[in-house]
1. Rg and Dmax of the range 24-106, using alpha carbons, in Å: what are they?
2. Run lengths n ≥ 4 of DSSP H only: what is the helix-derived mean residue ellipticity at 222 nm for the chain, with -39500 (n - 2.57) per run over all residues, to the nearest 500?
3. Near the amide H of Thr94, under 5 Å away, which other amide H atoms are found, from residues 5 or more places off or on another chain, if H is placed in the peptide plane?
4. From the Cα gyration tensor of the range 298-454, with a ≥ b ≥ c the square roots of its eigenvalues, which class applies: rounded if a/c is under 1.5, or else prolate if a/b is larger than b/c, or else oblate?
5. Quick one: what Rg and Dmax do you get for the range 352-396 from the alpha carbons, in Å?
6. Pop out the ³J(HN,Hα) list for the range 286-303 in order, Karplus 6.51 cos²θ - 1.76 cosθ + 1.60 with θ = phi - 60°, rounded to Hz; leave Gly and Pro as x.
7. State the three equivalent ellipsoid semi-axes of the range 194-254, derived from the C-alpha gyration tensor as the square roots of 5 times its eigenvalues, in descending order and whole Å.
8. Would you mind giving the three semi-axes, in whole Å and largest first, of the ellipsoid equivalent to the range 198-296 according to its Cα gyration tensor?
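The values are calculated or read from the model by the stated rules, or taken from the named source; none is laboratory data. What you see is a predicted model; the values in this text were computed from it and never measured. So basically every Cβ, Gly included, is an ideal-geometry build from the backbone, and we count neighbours across all protein chains shown. Note: areas computed on protein heavy atoms with side chains; ligands, DNA, RNA excluded. Shrake-Rupley method; radii C 1.70, N 1.55, O 1.52, S 1.80 Å.
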Amino acid sequence: MSGFGLGDSNGSTKPVRIVVVGEKETRKTSLIMAAVTDHYYPEPNIPPLLPYTKLPSEYCSEDVPVTLIDTSSRPEDKRDVIREVKEADAIVLTFAIDRQETLDRLSEYWLPLFRQLEVTVPIVVACYSVIKNEHNPVNIEEITLPIRQQCQEIEICIEWSAPWLSDISWLAQAVFVQAQIAAMYPIGPVYDQVTNSLKPRCVAALKRIFELYARNNDYILSDDGLSDMNVRSFGIPVMPSRSRELIKSVQELCPIGVKGNGLTIDGFLVLITKLINDRKLRTLWTILRTLGYNNDLRLVHEMIPYSSFKRMPDQSVELTDEAIGSLKRAYHRFDNLGPQMMESFFETAPESPWNGAPYKDATEKTSNGGLSLEAFLSLWSLMTLLDPARSLEYFICICHPDDPSSAVHVTRRRELDRKEQISVRKVVQCFVFGPKNAGKSALLNGFIGRPYDDDNRDGLGEERYAVNMVGNSGVTGGTKKTLVMKEIQYQEDGFLLSDEALASCDVAVFVYDSSDESSWKRAIDMVSEVATISEDAGFVFPCLMVAAKMDLGSFPMAIQESTRATQDIGIEAPIPISSKLGNFDNLFHKILTAAEHPHLCIPKIESKRKRVLKLINSWIPE
């Protein structure tokens, strides 16, 4: 019996590679030979290393082919062992129960090695014993408890061998059958065997699945919901009598898990936990995979419509009005999207996507540290701009769209926008350049409502973003646009920007300290440098200059010099601002206006390519 009803779950038919590793004389090769030949071979008859070996089909679960891979214990063969481990679907880790040092090496060497290699496949620990101790039998679970607590990937520990056992081959085969089942239906990603609880990502996936089948019934999973889930996963409905049995079993374990004639989310999680404790992992994984999850409990690539955001470097990805409407409805399910509510908002997603860079602290916060609707939508627009695949994955998990591809659209190429002399992009990305201590960080902080800080941190750390919505009276009427400000860090050897990175820039602003003439000169040099690079790459964009720190007063002849220089290169005069005083002179509106007219404010600076062509032409005699 599989599933909630009587259907058969279908696992993956992908061949399984099981790699056997461990210390010398822990009987790695003997284990493989005992499993495939039904015999136990004395040590002198064991070869030093076996070639790839197929597990007999009669021992393979669900007729999935299994390859057993022996490894060497010699230090000089470590590179080969690492290669095999990286390609493994499951690992059998061996030790000898009467040689303590081989058990110690599991936690001191092998498990740290797997972590270093970022190998997270299921592990079966196989214990070998050569000494019969009838008076003080060894409890394998007890002696391996410390390493099982250390490594969540360990699925099970098995004592497989002793020369006096008549069923030694059967035990050896059991090791590899367990390893195969663990590879196909791993417990590690879904359940913490130390705390005996579902893991957070598994809970998130199950909550999404629950919502899919219970949202039309006041979030109670009814008989029909259970049956629909079973049909989709196993191809057969749940009979009413079976449904009543399941609900009754949950009620006995968790009274609040049942409401009316259905399951609450708590009851559904209890039902799944019961499946795991009953070792029905195949049922759980069939449900998870049918609903689009991989072994990391992220949505599989096939669930993400990558074709919907295929684009050229000077195109961007934006949320559609339909997607924004769905996100607004999701937002309004919460009275106040504060820090704690934010975790609840993303409870059906793998985790909160905005806890780290570049999203953390990238937008304006409310007085309680939460997000307004505009800030929330701004962050989602930023995620869509920078990582559309992740944005769609989380949108699918939160909003359950029928057609995820309708959630995003690709903007027109900026090259065409320039020809048409108009851009209707709703999300504008502005690169913020400038020398150290010019006031770039203060500008970004002011943009998202943070208080001014005299401790200038310009030029420190990594590139950062600030995003907010800005009122607009341009080509899109009174509709607000999302403005993304990206602070560009400058290194001694120049800007570390690829051509493709520059292609994503809609507008560039160059900030300088208006009280410091050297800051101004460095900023105008940057305009020339960036304009030259962008023209050579074929991705030009409007540029604006920003005279920051106007509260400190200007250096002598500042206005005349800056006006003349900007006129010479065909861009507007510098925009004066004071972040300290909160005076930004409509800078953010001016950035949007520049973005809407991408054919204007482009510096008239001769590119390197044109200079080289002129030089070549000067060498050609008339």
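1. Rg and Dmax of the range 24-106, Cα atoms, are 13.6, 38 Å.
2. Helix-only estimate at 222 nm: -11500 deg cm²/dmol.
3. Those lying under 5 Å, H to H, from Thr94 are Val21, Gly22, Glu23, Ala126.
4. oblate
5. 10.4, 32
6. Along the range 286-303, the couplings run 5, 5, 4, 5, 4, 8, x, 9, 9, 5, 8, 6, 10, 5, 5, 4, 5, 7 Hz.
7. Whole-Å semi-axes of the equivalent ellipsoid: 21, 16, 12.
8. 19, 15, 14
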